[in-house]
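The values are calculated or read from the model by the stated rules, or taken from the named source; none is laboratory data. Since we're looking at a predicted model, the values are computed, not measured. In this analysis, Cβ positions are derived from the backbone assuming ideal geometry, glycine residues included, and neighbour counts consider all displayed protein chains.
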């Protein structure tokens, strides 16, 4: 159990706007001083209207998030119903909690989703110790030391997409300036009533809609 | 395995063969039937009637209590109607002891779901879990099936108010209004004629009592339980087991209404035959 790995180098962040949520994560797959690849997609699409960004040990992140994704799919197939974002966050938290005293999943998560039943987007900050909290914005990893200040200052109720993306851009710019670990690329995905779209993979400017 | 003795007489259905295949529930008969499951249904056909009706603003259920004598201490909770979770209730027809086991299992399933997802279990999923439990006893273990039919009344955000019927085989179906237990067919045909689908809860209460009036030997507040499930505007679910006095009044009203209708019909016949 390497606490440095869990706390550290990888980043996932997110925020909610008036009718959407954005979840972003860096694209590095690395260990110690070696970078394996810079194009790893760490924002998994749980279903048509849910995003799960992860940061932590590569194996645990992948294994756990895919496990969640398949269980969410199974629920939909079995029942014909979609899980709400809140229900999904409870389920995720429960799985982390069960594993916590056996062999914890070393992965921190940002869950963003849009619920058509309530016509509202929501965001959950879930950490590897199985805490889950509904938030307006959040960030995991060392990067949070820089990013949270930006989010604290910039976030307000009722953001539109452009404003939301601009805040993400500022967060990433701050990391480029101040964070020791170079994170040259981010996956940025947005979820709203129409589903999920990829905003940008390399640079945090909005891709043409 | 059990073999019937050769001197066993033929069945009513003309087949001595069925006796060979009915002792053990986990065996099909040559006609492809599970006799034990069918016998379980027979047991329920002798049980007190239960009726469930979907209203526009709630679900109404009522059940006939068969074991009513002066010496019997009134139970603290109903023997027919049970709460499974804040948003689901059930009325039972059949062996009460069997029902209790399934009700306990249903309650646990509902809480397990709430624990896992932080939300109330969708009604159909709860029904399915109970039914899957029942099905086990038609396929494994050589134990007899549960001699119970349930009517489940519930509300969830996916489909609003819902009514489901489940039987000993483990199948279930969704209903707008239905009847189980003794004289269920008579009750069902009354519902078919009279139920429109636009009734409010209070109209459904009257209709439920009319159904029981038809299926029971004598309708009285002493031998029935009346129940309604409704959601208030603020989202709270309300389970109402109607208090005795209210039931007495409602039964009296229904009887009066039916008598008036009968008198009218008799008068109409008299007039027309007088021509």
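Residue A:168 passes every criterion in (1) at pLDDT 90 or above; (2) surrounded by fewer than 16 Cβ atoms within 10 Å (Cβ to Cβ) apart from (2). Being buried (at least 21 other Cβ atoms within 10 Å of the Cβ) and more than 14 Å from every other protein chain (Cβ to nearest Cβ) holds for only one residue in A:128, A:142, and it is A:128.
Applying the selection to the stretch A:67-99, what residues are farther than 23 Å from residue A:139 by Cβ, away from every other protein chain (no Cβ under 14 Å) and in contact with a strand residue (DSSP E or B) (Cβ under 9 Å, 6 or more places away or on another chain)? If the condition is that a residue be farther than 23 Å from residue A:139 by Cβ, away from every other protein chain (no Cβ under 14 Å) and in contact with a strand residue (DSSP E or B) (Cβ under 9 Å, 6 or more places away or on another chain), then A:73 is the only one that fits. For residue B:68, the conditions (1) closer than 25 Å to residue B:232 by Cα; (2) surrounded by fewer than 16 Cβ atoms within 10 Å (Cβ to Cβ); (3) touching a helix residue (DSSP H, G or I) at 6+ places or on another chain (Cβ under 6 Å) are fulfilled apart from (1).
Residue check: is residue B:82 crowded, with 17+ Cβ neighbours inside 10 Å and outside any strand (DSSP E or B)? Judged against the criteria, residue B:82 is not a match.
Let's see how each residue does on (1) farther than 30 Å from residue B:120 by Cβ; (2) over 16 Å from the mean Cα position of the chain (by Cα); (3) buried (at least 19 other Cβ atoms within 10 Å of the Cβ):
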{"site": "A:23", "(1), (2), (3)": "no, no, yes"}
{"site": "A:31", "(1), (2), (3)": "yes, yes, no"}
{"site": "A:60", "(1), (2), (3)": "yes, no, yes"}
{"site": "A:71", "(1), (2), (3)": "no, yes, no"}
{"site": "A:101", "(1), (2), (3)": "no, yes, no"}
{"site": "A:110", "(1), (2), (3)": "no, no, yes"}
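With respect to the conditions (1) under 17 Å from the mean Cα position of the chain (by Cα); (2) under 23 Å from residue B:82 (Cα atoms); (3) in a helix (DSSP H, G or I), residue B:229 lacks only one, and its number is (3).
In the stretch B:202-226, which residues are touching a helix residue (DSSP H, G or I) at 6+ places or on another chain (Cβ under 7 Å) and part of a helix (DSSP H, G or I)? Step through it out loud before you land on a result.
As a first pass, look at the stretch B:202-226 and keep what is touching a helix residue (DSSP H, G or I) at 6+ places or on another chain (Cβ under 7 Å): B:205-207, B:209-211, B:213-215, B:219-221, B:224, B:226.
Of everything in the stretch B:202-226, those that are touching a helix residue (DSSP H, G or I) at 6+ places or on another chain (Cβ under 7 Å) and part of a helix (DSSP H, G or I) turn out to be B:205, B:206, B:207, B:209, B:210, B:211, B:213, B:214, B:215, B:221.
Surrounded by fewer than 18 Cβ atoms within 10 Å (Cβ to Cβ) and in contact with a strand residue (DSSP E or B) (Cβ under 7 Å, 6 or more places away or on another chain) - does that describe any residue in the stretch B:149-170? No. From the list B:37, B:41, B:60, B:24, the lone residue that is closer than 21 Å to residue B:144 by Cα, in contact (Cβ under 8 Å) with a residue 24 or more places away in the chain and under 14 Å from the mean Cα position of the chain (by Cα) is B:41. Residues considered: B:257, B:199. Of these, the only one that is touching a helix residue (DSSP H, G or I) at 6+ places or on another chain (Cβ under 9 Å), in a loop (DSSP other than H, G, I, E, B) and in contact (Cβ under 8 Å) with a residue 40 or more places away in the chain is B:199. Kindly establish whether residue A:45 is at pLDDT below 95, outside any helix (DSSP H, G or I) and away from chain B (no Cβ under 14 Å). Criteria not met by residue A:45.
Taking the numbered list (1) farther than 30 Å from residue B:216 by Cα; (2) in contact with a strand residue (DSSP E or B) (Cβ under 8 Å, 6 or more places away or on another chain); (3) buried (at least 17 other Cβ atoms within 10 Å of the Cβ) in turn, residue B:137 passes all entries but (2).
Pick from the stretch B:109-147 the residues that are away from every other protein chain (no Cβ under 12 Å), part of a loop (DSSP other than H, G, I, E, B) and in contact with a helix residue (DSSP H, G or I) (Cβ under 8 Å, 6 or more places away or on another chain): which of them is farthest from residue B:175 (Cα to Cα)? If we take residues in the stretch B:109-147 being away from every other protein chain (no Cβ under 12 Å), part of a loop (DSSP other than H, G, I, E, B) and in contact with a helix residue (DSSP H, G or I) (Cβ under 8 Å, 6 or more places away or on another chain), then B:143 is farthest from residue B:175 (Cα to Cα).
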